[in-house]
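Enquirer: First the structure, then my questions, so here it is.
The values are calculated or read from the model by the stated rules, or taken from the named source; none is laboratory data. The structure displayed is predicted, hence computed values, not measured ones. Ideal geometry is used to build each Cβ from the backbone, glycine not excepted, and the neighbour counts take in all protein chains shown.
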Amino acid sequence: MLKTLRQIARIGCVTEPPVEADEALRLRVRLQAQILDVLGRALCIRAIDAGSCNGCELEMQALANPFYNLEGIGIRFVASPRHADMLLVTGPVTSQMRSALERAYAATPDPKLVVAIGECACSGGIFGAGTACVGRVANVIPVDAAVAGCPPSPEQIMSAILTAITAPPTTPM
């Protein structure tokens, strides 16, 4: 026992170096502060799939896992556009989904924010505009922020949400 105590006194406390702060954590803190400044409460988001391959939806679902924990910073997903402050739209808008997207946009109370998620929602992707596809989301409803990528990372989606909150809304207050 005495030998072990001498060794501890001679070597000292050996620990790992502290972990560097993650950029995603800084983004989370900025996002939480901005949501409370602008809304004073939780940000309610309605996710709408306008015809995507579900790659972007998987990345949006990753936002709810313990690593990103959107609920912890005051963002929650809701089932109705009537309860939403923001619409997250994925995929190129198909002809069949155009009226549903317009109805969801009309049902969202003002001031409403729209974020286009993914390359297809931003530019129409490989589908473009044609008979079966209207193209990008901005062809149907006004878009406040867009995230390109196929699919974009959860950090990019969080950054777009922050951009949409800080930018002036496209609809009057």
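Enquirer: Just to check your reading of the model, which residue among PRO111, PRO151 is in contact with an Asp or Glu (Cβ under 6 Å, 6 or more places away or on another chain) and not in a helix (DSSP H, G or I)?
Expert: Only one candidate qualifies: PRO151.
Enquirer: Still on this structure, please answer the following. Which numbered condition in (1) in contact with a strand residue (DSSP E or B) (Cβ under 7 Å, 6 or more places away or on another chain); (2) at negative phi; (3) surrounded by fewer than 18 Cβ atoms within 10 Å (Cβ to Cβ) is the only one that GLY128 fails?
Expert: Evaluating GLY128 over (1) in contact with a strand residue (DSSP E or B) (Cβ under 7 Å, 6 or more places away or on another chain); (2) at negative phi; (3) surrounded by fewer than 18 Cβ atoms within 10 Å (Cβ to Cβ) leaves (2) as the failure.
Enquirer: Small (Gly, Ala, Ser), modelled with pLDDT of 85 or more and under 14 Å from LYS112 (Cα atoms) - does that describe any residue in the range 57-76?
Expert: no
Enquirer: If you scan the range 131-149, which residues turn out to be surrounded by fewer than 19 Cβ atoms within 10 Å (Cβ to Cβ) and without any contact (Cβ under 8 Å) to a residue 40 or more places away in the chain?
Expert: Correct list: THR131, ALA132, ALA138, PRO142, ALA148, GLY149.
Enquirer: Follow-up. Being without any contact (Cβ under 8 Å) to a residue 60 or more places away in the chain and either at negative phi or outside any strand (DSSP E or B) (or both) is the requirement here; does ALA116 meet it?
Expert: Taking the combined requirement at face value, the residue satisfies it.
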